[in-house]
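Everything below concerns the one structure shown next.
The values are calculated or read from the model by the stated rules, or taken from the named source; none is laboratory data. Remember, predicted model here, so these are calculated numbers, not experimental data. As a convention, Cβ positions derive from the backbone with ideal geometry for all residues, glycine included, and neighbour counts pool all protein chains shown.
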Amino acid sequence: MANKNKASFKGHCQLCDRLQMLPGGKMAKHGYTVANRGNWGFFNGTCAGSDELPYEQSAALLPPMIAEQTRVIANLEKWREEVLSPVVEQKCWVHEYVRGSYHRSGYYRWRYVDVIATPRTSQDGSYSWILFTYKSEDGKTEEHFSAGSDTGKDVVTFCAKMNAKKADDISRNIKNHNEYKVWLEKRLANFKVTDLIPRKEGE
Ligand SMILES: [Zn+2]
């Protein structure tokens, strides 16, 4: 007789389509693995489809997740508008590299920084420009914006240019959430109860 605690069937996660054994009839704990179905890199941590029925048996998680994506997209669109609104402070977004240490690797992150504007004049005095820099998070060092984008004629134009890059990043994020939402909606529309997938011999 089969061991009751040992999963005999496999099923797909409602939210990320991962195929897994079903201990106790539910999806085991897992992280999001939708990467192969789209660039939904915004997911971190444990998938909310963990400890829930597989898609073969239920689509109950889909409507609340679709509603959640709608909320997230609306918030991101609002944020994008704010980022693109006229510059009133001498501040802007920077995509900065955080150096790694012995324990972790380096990574990029966005930070909203005060812009330091330093007027410069060529040696012969024939032309002038402004060099834009910002302080590191600990305030100890003065950092350069990426090469080629760190000079200009006025701070408002410079900040607007930098903020447009942040807005592009938010746009990509909105696109990813939209793609995920479309995928969830199709999944909900196509839902029907089907058989679980029997475990193969030796699995
Ligand atoms: Zn999942």
With the structure loaded, tell me whether GLY49 is modelled with pLDDT under 90, out of contact with any Gly (no Cβ under 6 Å at 6 or more places or on another chain), in a loop (DSSP other than H, G, I, E, B) and within 16 Å of the ligand (Cβ to nearest atom) or whether it fails that test. no
Test result for ARG104, exposed (fewer than 13 other Cβ atoms within 10 Å of the Cβ), among the charged types (D, E, K, R) and more than 30 Å from ALA67 (Cα to Cα): yes
So which strands (runs of 3 or more DSSP E) are wholly in region 74-176 and hold at least 1 residues that are among the aliphatic types (A, V, I, L, M) and under 26 Å from the mean Cα position of the chain (by Cα)? 91-98, 107-114
Can you find, within region 52-65, the residue that is farthest from MET27 (Cα to Cα) among those that are within 10 Å of the ligand (Cβ to nearest atom) and crowded, with 18+ Cβ neighbours inside 10 Å? LEU61
Restrict the check to region 82-98 and report whether at least one residue is at pLDDT 95 or above, exposed (fewer than 12 other Cβ atoms within 10 Å of the Cβ), among the acidic types (Asp, Glu) and out of contact with any helix residue (DSSP H, G or I) (no Cβ under 9 Å at 6 or more places or on another chain). yes
